[in-house]
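One structure below.
The values are calculated or read from the model by the stated rules, or taken from the named source; none is laboratory data. No experiment lies behind these values; they were computed from the predicted model shown. Virtual Cβ from ideal backbone geometry, glycine too; neighbours counted across all protein chains shown. Accessible surface is based on the protein model in full, side chains and every heavy atom, while ligands, DNA and RNA are left aside. Shrake-Rupley method; radii C 1.70, N 1.55, O 1.52, S 1.80 Å.
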Amino acid sequence: MGQEQHSSCPHAGSAAQPENCPAAADNKNNINTHFTLALVAVIFSCASGFFSIAIALAALILSLRAQDLLKNNLPKEAAQMAYWSAFFSWLTIILALLPLLALIFFGGAILAALGAIMAAA
């Protein structure tokens, strides 16, 4: 109960924990790299028509770069990369959801305009 377990380390609780997981020795390397968010952004951009795939891939690359910087014990630079990864991930998700939201809120008006254009032709 008194010993704190670190779920991010594969050898949590073992005697050789500091060598196998330096992030457990000091909490400064416990940075969320937003890898899962970047993967979700890639999936959303692929599903929405590929117009934001470049931003999603940038988020994924920045997340992987943050993980690499953490392994090299550079937490300040890793935190910056993680921040930009999250920013680009959320930007991609918002850009992917905008057409869907436009159809939900303005679908009737869009269909009426298209119908008027077709009737005039």
Points 7 angstrom from Cα along the Cβ direction at residue 94 and residue 119: gap in nanometres?
3.8 nm
Using a 1.4 angstrom probe and counting only protein chains, how large is the accessible area of residue 87 in Å², to 10?
90 Å²
Using only the Cα atoms of the stretch 22-121, build the gyration tensor, take square roots of its eigenvalues as a ≥ b ≥ c, and label the shape rounded, prolate or oblate: rounded if a/c is under 1.5, else prolate if a/b is larger than b/c, else oblate.
prolate
Considering all projection directions equally, how large on average is the shadow of the alpha-carbon convex hull of the stretch 44-84, in square nanometres?
2.7 nm²
Simple SL model, points at 7 angstrom along Cα→Cβ for residue 74 and residue 50; separation in nm is 3.4 nm
